[in-house]
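Colleague: Quick one: the structure is below, questions incoming.
The values are calculated or read from the model by the stated rules, or taken from the named source; none is laboratory data. Computed from a predicted structure; not experimentally measured. No Cβ is skipped: glycine too gets one built from the backbone with ideal geometry, and neighbour counts run over all protein chains shown.
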Amino acid sequence: MSTIPYGRQHISDEDIEAVVKVLRSDYLTQGPAVPEFERKVADYCKVKHAIAVSSATSALHIACLALGVQAGDRVWTSAITFAASANCARYCGADVDFVEIDPRTFNLCPDALETKFKAAAERNLLPKVLIAVHMCGQPCVMDKIGALCKKYDVRLIEDASHAIGSKYQNIATGSCTYSDIVIFSFHPVKIITTGEGGMAVTNDNALAQKMRLLRTHGITRDPAEMHKAAPAEWYYEQIDLGFNYRMTDIQAALGISQMKSLDAPFLKNRHVIADNYARMLDDLPMQLPWVHPDTYSSYHLYVVRLRLDLIGLTRDEVFRGLRSRGILVNLHYIPVYRHPYYEKLGFKPGYCPEAEKYYAEAISLPMYSNLGTEDQQRVVNALKEVLSS
Ligand SMILES: *Cc1c(COP(=O)(O)O)cnc(C)c1O
């Protein structure tokens, strides 16, 4: 019996050709493909600057550094996200705190954020940066979150690792309409892939310049940035402590080619699959993804919440039942503060009750652009079988 994964890449012959062309060229890295990929994504998002990097994790790291996050600062993110959304602050020596989720969208809840900002302001404990995560590909309620960050003077990063191609109020995610920096991931399970890879986009010239510098060791070849006069063309200066977070031209070529498929077939297919699930699962005891009327989701994940009170099985029994039928469902995510690393920092189980409730009920069904109708039917049949067992 073949297995059906929860997510996977789609690589076309054209993608392969694009990569092979780079392999036959002069530049495997630091060539023309990276700036071309950056321009493609920036134009798509209608944003000024794009900085391609080795992963979304490195993008989050240099985004935090560019915003000046350091030891003694506080950074907040959503309780339900991949650990990288919080770890980036820890890399900078900052303290992390978590915001409760909206039980319908699994995104951070603007009302909870407002209450938490208000309480923090009274105790002079506001964060320097908030990292809003567009869970499953559905953008957060950005106008409210943006307004709150303005009011409390908190800088805003959007972790759009799930969400390239999504829209909020009909504007592409990545436009930085409400935020300082937006981050994308190109890991193979995400919407488009470069194998490993990520990008940071911003409209702010200084932030872009800083992130470019941090991507390559803090080294500049731009005479305008140098502290000393350049004696000749070989000269460069390290003016900050940076990293090697570069993306290769091999990866960028794949990214350029993948961008051609983003709207169609990738997102178009994901929406068809989501609509099919909504119809096929309608009468089952579970909460299906709810879409906020202001958003167009990129449907990175299709997460259902089991109505455990009606089912008589635990989530893990349903999970194991599906896995044993070859349906490789997954769980996104454990509340970040429940990881031993964060518990050691003092976080206790139950810290965000809505996040915990979600964690007990959630299951990610297979969702990827070339999930076929027959395979999707197999997922639904297996789910019905398990629920009636
Ligand atoms: C995948 C993911 C990341 C990390 O992406 P990488 O490119 O693998 O580093 C960060 N945040 C979220 C929400 C993610 O899903």
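Colleague: Restricting attention to helices (runs of 4 or more DSSP H) lying wholly within segment 80-166, give those where 1 or more residues are more than 12 Å from the ligand (Cβ to nearest atom) and β-branched (Val, Ile, Thr).
Modeller: Fully inside segment 80-166 and qualifying: 110-122, 142-151.
Colleague: Is it true that some residue in segment 22-41 is of a type in the set (Val, Ile, Thr), surrounded by fewer than 19 Cβ atoms within 10 Å (Cβ to Cβ) and over 18 Å from Asn205 (Cα atoms)?
Modeller: yes
Colleague: Oh, and also: Go through segment 193-207 and give me each residue that's surrounded by fewer than 21 Cβ atoms within 10 Å (Cβ to Cβ) and either assigned to a strand (DSSP E or B) or within 12 Å of the ligand (Cβ to nearest atom) (or both). Don't jump to the end; show me each part of the working.
Modeller: Pass one, segment 193-207, residues surrounded by fewer than 21 Cβ atoms within 10 Å (Cβ to Cβ): 195-196, 203-206.
The answer is Gly195, Glu196.
Colleague: Go through segment 320-329 and give me each residue that's surrounded by 19 or more Cβ atoms within 10 Å (Cβ to Cβ) and either without any contact (Cβ under 8 Å) to a residue 12 or more places away in the chain or within 25 Å of the chain's Cα centre (by Cα) (or both).
Modeller: Ile327, Val329
Colleague: Also, I was wondering about something else. Scan segment 178-190 and give yes if some residue there is in contact (Cβ under 8 Å) with a residue 60 or more places away in the chain, within 22 Å of Asp111 (Cβ to Cβ), small (Gly, Ala, Ser) and part of a loop (DSSP other than H, G, I, E, B), otherwise no.
Modeller: In the first step, residues of segment 178-190 are kept if they are in contact (Cβ under 8 Å) with a residue 60 or more places away in the chain; the result is 180-190.
When the remaining residues are screened for being within 22 Å of Asp111 (Cβ to Cβ), the result is none.
Checking segment 178-190: not a single residue is in contact (Cβ under 8 Å) with a residue 60 or more places away in the chain, within 22 Å of Asp111 (Cβ to Cβ), small (Gly, Ala, Ser) and part of a loop (DSSP other than H, G, I, E, B).
Colleague: Taking the stated definitions as given, is Asp263 surrounded by fewer than 18 Cβ atoms within 10 Å (Cβ to Cβ), in a loop (DSSP other than H, G, I, E, B) and at pLDDT 95 or above? Show your work before the answer.
Modeller: Details: surrounded by fewer than 18 Cβ atoms within 10 Å (Cβ to Cβ): yes; in a loop (DSSP other than H, G, I, E, B): no; at pLDDT 95 or above: yes.
No, not satisfied.
Colleague: Give Val41, Val47, Val22 a once-over and let me know the one that is away from the ligand (no atom under 16 Å from the Cβ), part of a helix (DSSP H, G or I) and in contact (Cβ under 8 Å) with a residue 60 or more places away in the chain.
Modeller: Val22
Colleague: Next question, about the same structure. Could you identify the single residue in Lys228, Lys190, Lys210 that is of a type in the set (D, E, K, R) and within 12 Å of the ligand (Cβ to nearest atom)?
Modeller: Matching residue, one of Lys228, Lys190, Lys210: Lys190.
Colleague: Could you go through segment 69-79 and let me know if any residue there is near the ligand (Cβ under 10 Å from one of its atoms) and modelled with pLDDT of 95 or more.
Modeller: Looking for residues that are near the ligand (Cβ under 10 Å from one of its atoms) and modelled with pLDDT of 95 or more, one finds at least one in segment 69-79, hence yes.
Colleague: Select from segment 1-57 the residues that are in contact with an Asp or Glu (Cβ under 7 Å, 6 or more places away or on another chain) and of a type outside the set (A, V, I, L, M) and list them in ascending order.
Modeller: Correct list: Tyr27, Thr29, Gly31, Ser54, Ser55.
Colleague: Another one. Could you check Ala52 against (1) within 12 Å of the ligand (Cβ to nearest atom); (2) in a helix (DSSP H, G or I) and say which number it fails?
Modeller: All conditions pass for Ala52, except number (2).
Colleague: Among the residues of segment 132-171, write down those that are on the phi > 0 side of the Ramachandran plot and not small (Gly, Ala, Ser). Let's see the steps before the verdict.
Modeller: Step one: filter segment 132-171 for residues on the phi > 0 side of the Ramachandran plot, giving 136-137, 153, 165, 169-170.
Once the filter is applied, which keeps residues that are on the phi > 0 side of the Ramachandran plot and not small (Gly, Ala, Ser), segment 132-171 yields Cys136, Asp153, Gln169, Asn170.
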